[in-house]
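Single-structure report; data block below.
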């Protein structure tokens, strides 16, 4: 594994060194070590913008960021064969890495499910919640072709503490489906520390996923 | 220094409650204002920092433009300036210092002010800026406190100098790509200040180290109102959003974001890069002006007629929960 030791370096050096290492060997997993939060956040943003899937391990004042190569957004076609998933919150402790080439080798060819609220459909809110749970259960039972589930607005309640659908998401995640919750939405509902399953994402990445999806199922 | 830390230090200083002090330490504002007589008040400010670009002459211009900006933000006219300089005399070619000072002097001249002198200290890293004295009519001081509900918020420079300077330092962009940012940083806020006075504007601030939202917050707080901005109306410098996505974000942006975490509400879709840029510390940024609705067209017209830029970015609303509201898409 290639390693970038950026401890003791000020912004923007950690980003510059990481970018250089990432671009030099795009197929390899990279370990970046930094010792402050600014460097951590900037390296996360940078590697995500290059299509990598970073995960953070914290020990004391140090952050060890493992960047897996992932699909390169707007990058070379050759990257399509590399694994695409990395479950686990980018801010939480890292979980084991699942790759499920059986389902989809690239996000770009898959189906993305977009959940715009915690309830499915309009009319009765109560009914909507029942339907959502039922939908997620059904999805879990037959996730073929689904690469990503994106939760937006009140949809982020589904991936947070107190949701009655957590087990469905966990099961989907085990099947290699990427679960993403909109960071702005988590912030808005003050749920940032309550996320139980999947990763935090941003609008830029979400838009990219929607644009590249072969099909989007939106509720 | 970040806004939170600064506030906690300034709170420890004794207060100077003289009747002549129109704007002092008690309120966070761009510069201090001291009334000399019923017709005349002094505006004083000092600002200096480390190089943001390699070219010493351009750095001198940027630093001086930034220092003068505080006078303009108070609606004033700069009269005199003093150089304030730190320089590693023994390690760097002295011509570098000469070029920095030439750049600064050129800007002072353009501002219609005079350079009276200065002070130099030997230091490991160059730093440069100005202490500036300006004047304003005591009843026409433009402060952070005068924004009224219904006013329209106008910004005179696009955002993103912090990430662009970071990208430039990191060698990620070429000088030519940073040129729009440099042009923006050496543009005086003079015309904007003159237009504000002509139209009787009561509230404005200049956007510098606390970032767009940091300074907007100070103004909303001082005026006891809330500011609502539409994300689609906010102007960005070219390549700024790309650089933000790449994580070329200066530490100050995170400090600003942290300080403002419970003061800013986001509604709708706002890109992470856009958020980061809203907190990005600006060097020699534009003025954020609160102008009454019936004068906004005239303000935009006058600025544009003189080759200046201006964008309507938001409006002043009643303070309910959050002093700053960003409306997404």
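Can you tell me how many residues in segment B:29-76 are part of a loop (DSSP other than H, G, I, E, B) and closer than 23 Å to residue B:211 by Cβ? Even if it seems obvious, please write down each step before you answer.
Step one: list which residues in segment B:29-76 are part of a loop (DSSP other than H, G, I, E, B), which gives B:29-31, B:38-39, B:50-55, B:74-76.
Next cut, closer than 23 Å to residue B:211 by Cβ only: B:29-31, B:50-53, B:74-75.
Of the residues in that region, 9 qualify.
Of everything in segment B:1-28, what is assigned to a loop (DSSP other than H, G, I, E, B) and within 17 Å of the chain's Cα centre (by Cα)? Give them in sequence order.
Of the residues in segment B:1-28, the ones assigned to a loop (DSSP other than H, G, I, E, B) are B:1-2, B:11-20, B:24-28.
Within segment B:1-28, B:1, B:2, B:27, B:28 meet the criteria.
I'm trying to understand the selection: among the residues of segment B:217-244, which are in contact with a helix residue (DSSP H, G or I) (Cβ under 9 Å, 6 or more places away or on another chain) and part of a helix (DSSP H, G or I)?
B:217, B:218, B:231, B:240, B:241, B:242, B:243, B:244
Can you name every residue in segment B:300-329 that is touching a helix residue (DSSP H, G or I) at 6+ places or on another chain (Cβ under 6 Å) and in a helix (DSSP H, G or I)?
If the condition is that a residue be touching a helix residue (DSSP H, G or I) at 6+ places or on another chain (Cβ under 6 Å) and in a helix (DSSP H, G or I), then B:302, B:303 are the ones that fit.
For segment A:29-62, how many residues meet the condition of being over 19 Å from the mean Cα position of the chain (by Cα) and not in a strand (DSSP E or B)?
7
Need the failing condition index for residue B:177 against (1) crowded, with 20+ Cβ neighbours inside 10 Å; (2) at pLDDT below 95, just the number.
Going through the list (1) crowded, with 20+ Cβ neighbours inside 10 Å; (2) at pLDDT below 95, residue B:177 breaks only (1).
Hey, residue B:146 hits all of (1) in contact with a strand residue (DSSP E or B) (Cβ under 9 Å, 6 or more places away or on another chain); (2) modelled with pLDDT of 95 or more; (3) surrounded by fewer than 24 Cβ atoms within 10 Å (Cβ to Cβ); (4) assigned to a loop (DSSP other than H, G, I, E, B) but one; which does it fall short on?
Answer for residue B:146: the failing condition is (2).
Scanning segment A:1-12 for residues that are touching a helix residue (DSSP H, G or I) at 6+ places or on another chain (Cβ under 7 Å) and within 8 Å of chain B (Cβ to nearest Cβ), which turns out surrounded by the most Cβ atoms within 10 Å (Cβ to Cβ)?
A:12
Any residue in segment B:316-329 that is within 12 Å of chain A (Cβ to nearest Cβ) sitting within a Cβ distance under 6 Å of a residue that is assigned to a loop (DSSP other than H, G, I, E, B)? List the pairs, counting only those 6 or more apart or interchain.
Correct list of pairs: B:326/B:270; B:328/B:268; B:328/B:269; B:328/B:270; B:329/B:268; B:329/B:269.
Return the only residue of B:218, B:224, B:198, B:194 being within 30 Å of residue B:294 (Cβ to Cβ), away from chain A (no Cβ under 14 Å) and without any contact (Cβ under 8 Å) to a residue 60 or more places away in the chain.
Details: B:218 fails: without any contact (Cβ under 8 Å) to a residue 60 or more places away in the chain; B:224 fails: without any contact (Cβ under 8 Å) to a residue 60 or more places away in the chain; B:198 fails: without any contact (Cβ under 8 Å) to a residue 60 or more places away in the chain.
Within the list B:218, B:224, B:198, B:194, the selection yields B:194.
Output yes when any residue across segment B:188-197 is in a strand (DSSP E or B), over 29 Å from residue B:247 (Cβ atoms) and touching a helix residue (DSSP H, G or I) at 6+ places or on another chain (Cβ under 9 Å), and no when none is.
no
Restricting attention to segment A:26-48, does a residue exist that is closer than 21 Å to residue A:199 by Cβ, within 12 Å of chain B (Cβ to nearest Cβ), at pLDDT below 85 and touching a strand residue (DSSP E or B) at 6+ places or on another chain (Cβ under 6 Å)?
No, every residue in segment A:26-48 fails to be closer than 21 Å to residue A:199 by Cβ, within 12 Å of chain B (Cβ to nearest Cβ), at pLDDT below 85 and touching a strand residue (DSSP E or B) at 6+ places or on another chain (Cβ under 6 Å).
Looking at A:32, A:43, A:15, which is the one that is more than 14 Å from residue B:170 (Cβ to Cβ) and touching a helix residue (DSSP H, G or I) at 6+ places or on another chain (Cβ under 7 Å)?
Values: A:43 fails: more than 14 Å from residue B:170 (Cβ to Cβ); A:15 fails: more than 14 Å from residue B:170 (Cβ to Cβ).
Criteria check complete, one pass: A:32.
Could you please let me know if residue A:193 is at pLDDT 90 or above, surrounded by fewer than 20 Cβ atoms within 10 Å (Cβ to Cβ) and within 14 Å of chain B (Cβ to nearest Cβ)?
Criteria not met by residue A:193.
Could you tell me whether segment B:121-131 includes any residue that is closer than 30 Å to residue B:319 by Cβ, more than 17 Å from the chain's Cα centre (by Cα) and either not in a strand (DSSP E or B) or not assigned by TED's automatic domain parsing to the domain that holds residue B:54 (or both)? I'd like the intermediate steps shown before the answer.
Step one: of segment B:121-131, the residues closer than 30 Å to residue B:319 by Cβ are none.
No: zero hits.
Name the single residue that is farthest from the other protein chains (Cβ to nearest Cβ) among those in segment B:275-299 being closer than 30 Å to residue B:51 by Cα and in a loop (DSSP other than H, G, I, E, B).
If we filter segment B:275-299 for residues that are closer than 30 Å to residue B:51 by Cα, which is where we start, we get B:275-289.
Remaining after also requiring in a loop (DSSP other than H, G, I, E, B): B:280-286.
On the way: B:280: 12, B:281: 12, B:282: 16, B:283: 15, B:284: 20, B:285: 20, B:286: 24 Å.
Going through the qualifying residues, I end up with B:286.
Within segment A:98-108, identify whether any single residue is in a loop (DSSP other than H, G, I, E, B), outside the structural domain of residue A:139 (by TED's automatic domain parsing) and at pLDDT 50 or above, and answer yes or no.
No, that holds for no residue.
Give segment B:245-274 a look and list any residue that's part of a helix (DSSP H, G or I) and either without any contact (Cβ under 8 Å) to a residue 12 or more places away in the chain or more than 8 Å from chain A (Cβ to nearest Cβ) (or both), or say none. So that I can check it myself, show each step before the final result.
Pass one, segment B:245-274, residues part of a helix (DSSP H, G or I): B:245, B:251-260, B:272-274.
Those that are part of a helix (DSSP H, G or I) and either without any contact (Cβ under 8 Å) to a residue 12 or more places away in the chain or more than 8 Å from chain A (Cβ to nearest Cβ) (or both): B:251, B:252, B:253, B:255, B:256, B:257, B:258, B:259, B:260, B:274.
When you go through (1) loosely packed, with under 12 Cβ neighbours inside 10 Å; (2) in contact (Cβ under 8 Å) with a residue 24 or more places away in the chain one by one for residue B:27, which number turns out not to apply?
(1)
The values are calculated or read from the model by the stated rules, or taken from the named source; none is laboratory data. Owing to the predicted nature of the structure, the values given are computational and were not obtained by experimental measurement. All Cβ positions, glycine included, derive from the backbone under ideal geometry; neighbour counts span all protein chains shown.
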